[in-house]
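Structure, as structure tokens:
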Amino acid sequence: MTASKIFRKNIVALCGGVGGAKLALGLSHVLPPEQLTIVVNTGDDFEHLGLKICPDLDTVLYTLAGVNNPETGWGRAEETWSCMEVLEALGSETWFKLGDKDLALHLERAHMLASGQSLSAVTSHFCKQLGVSANVVPMSDDPVRTMIETPEGVLSFQHYFVKEQCAPCVEGFHFEGVTAAHANRAFLNALDDPNLGGIIFCPSNPFVSIGPILELPSIRERIGSLRAPRIAISPIIGGRAVKGPAAKMMHELDLPVSSLAVATHYKGLLDGLIIDQVDASEKVEIERHMASLVCPTLMNTLRDRIDLARSSLDFLKDLT
Ligand code: GDP
Ligand code: CA
């Protein structure tokens, strides 16, 4: 029996959208739901067409519910687009795509939020309705907005990511609202839990997916001084990001595009980093900063997601 099969402790996973959701799905297959708290970035959230959009939260929710669109990495499978077509005919903004089924969730979320419910309560309700038993929590119920600093000025995250398709050069980031935001109570409780078995930084974008979570008041300090082991899975494989702008951002920030640079970025917060086999040559250098585990980290299939989740739990156990 591998260690993960007998893992009895609680796990906190920090996660963004696509990369995070893949590992979150793997973890949800190997841990009982009550042992897994998935804390999701809300720095990408914004208001659009009068609706609150939560891209990372919805990617995680749809992925765990098995209704995500694996081709796009956002939205639902088997979508239809009637509403978008009419919006276009009405001369409305259509740069941000919302399929009909996806829109239904957004309408219900808008309705529940308007009736005074918190984003956490709405998320928990959707989990229940969609048959997701893991504990998925937004990092905060308060608004935090990731802003991208570029030579053309400061852009909101979705403006940079969707409208400009990540073309502007990144000079830095800041997170509007973060100092006044409260980290989710369930997140804080999970970190304080005496039965915490470890924290996993999913292979999400370190700057704009994990970054906002770490910037919430007290979180960096709490994770920095945690007794339970802390690991990350590198989102960089062979000098490239699997998807999204992580590698482009590292290059523009004058960082080497490598797992070693990911280790350096997270220094002081981690006990170990999981890197892909193709980056095995970086192991020695990484181990000047923290432990490392070399294993396959590219998650194409469900099997890959489960195997990486198991390796992560085994690594946590080794570091305990
Ligand atoms: P986003 O919010 O949708 O951009 O998603 P995340 O921040 O959670 O994930 C984006 C990151 O996931 C990128 O930096 C990718 O390199 C990484 N990623 C995606 N798929 C994989 C994978 O299969 N393995 C690893 N190691 N990283 C991945
Ligand atoms: Ca995201």
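Here, each number is a calculation from the coordinates, and none is a lab measurement. Values in this document were obtained by computation on a predicted structure and should not be read as measured data. Glycine gets a Cβ as well: all are built from the backbone with ideal geometry, and neighbour counts include every protein chain shown.
Grab the DSSP H runs of the chain that are 4 residues or longer, score each as -39,500 (n - 2.57), total them, divide by all residues and round the 222 nm result to the nearest 500 deg cm²/dmol.
-10500 deg cm²/dmol
What is the sum of charges, Lys and Arg at +1 and Asp and Glu at -1, for the other residues whose Cβ falls under 12 Å from the Cβ of ILE148?
Neighbourhood net charge equals -4.
D for the stretch 159-262, whole µm²/s, Stokes-Einstein with Kirkwood Rh over alpha-carbon pairs at 4 °C and 1.567 mPa s: what number?
85
Calculate how steeply helix 55-65 sits against the longest principal axis of the alpha-carbon atoms of the chain, using the helix alpha-carbon long axis, and give the answer as 0 to 90 degrees to the nearest 10.
For 55-65 against the chain, the angle is about 70 degrees.
Let me check I've understood the local charge: for LEU27, count other residues with C-beta under 12 angstrom from its C-beta, Lys and Arg +1, Asp and Glu -1. What total comes out?
+2
From the Cα gyration tensor of the stretch 203-284, with a ≥ b ≥ c the square roots of its eigenvalues, which class applies: rounded if a/c is under 1.5, or else prolate if a/b is larger than b/c, or else oblate?
oblate
Just how far, in whole angstrom, is the stretch 232-272 from the stretch 43-95 if you go by their alpha carbon centroids?
That distance is 28 Å.
Please list, or write none, the aspartates and glutamates whose alpha carbon is within less than 14 Å of the alpha carbon of LYS9, excluding same-chain residues fewer than 8 places away.
Partners found: GLU34, ASP192, ASP193, ASP314, ASP318.
Once the Cα atoms of helix 18-30 and of the chain are each reduced to a long axis, what angle between those two axes, in degrees from 0 to 90 to the nearest 10, is obtained?
Long axis of 18-30 versus the principal axis of the chain: about 60 degrees.
Using only the alpha carbon atoms of the stretch 47-130, find the Kirkwood hydrodynamic radius as the inverse mean reciprocal pair distance, in angstroms to one decimal.
This gives a value of 13.4 Å.
If you average 1/r over every pair of different alpha-carbon atoms in the stretch 90-245 and take one over that average, what Kirkwood value in Å do you get?
18.0
Find the relative contact order for the stretch 3-319 and round it to a whole percent, using C-alpha pairs within less than 8 Å whose residues are 6+ positions apart.
21
Round to the nearest 10 and give me the degree value, 0 to 90, for the angle of helix 100-114's Cα axis relative to the longest principal axis of the chain.
Approximately 90 degrees, to the nearest ten.
Per residue, what volume in Å³ does the convex hull of the Cα atoms of the stretch 1-101 enclose?
So the per-residue Cα hull volume is 108 Å³.
Would you mind checking the pairs LYS22/LYS267; LYS101/LYS128; LYS128/LYS243; LYS163/LYS243; LYS52/LYS97 and listing those with alpha carbons more than 21 angstrom apart?
Violating the 21 Å Cα-Cα cut-off are LYS22/LYS267; LYS128/LYS243.
Based on the mean of other Cβ atoms within 10 Å per residue, sort peptides 162-170, 57-65 so the most packed one is first.
Highest-to-lowest ranking by the protection proxy: 57-65, 162-170.
Restricting to the stretch 3-319, compute how many DSSP beta bridges are antiparallel as a %, nearest 5.
Bridges in the stretch 3-319 that DSSP calls antiparallel: roughly 40 percent.
In nm, what is the difference between 0.36 nm times the number of residues separating THR320 and SER225 and their Cα-Cα distance?
Here the answer is 32.8 nm.
Using only the alpha-carbon atoms, what does the chain span along each of its principal axes? Please give whole angstrom values in decreasing order.
58, 43, 38
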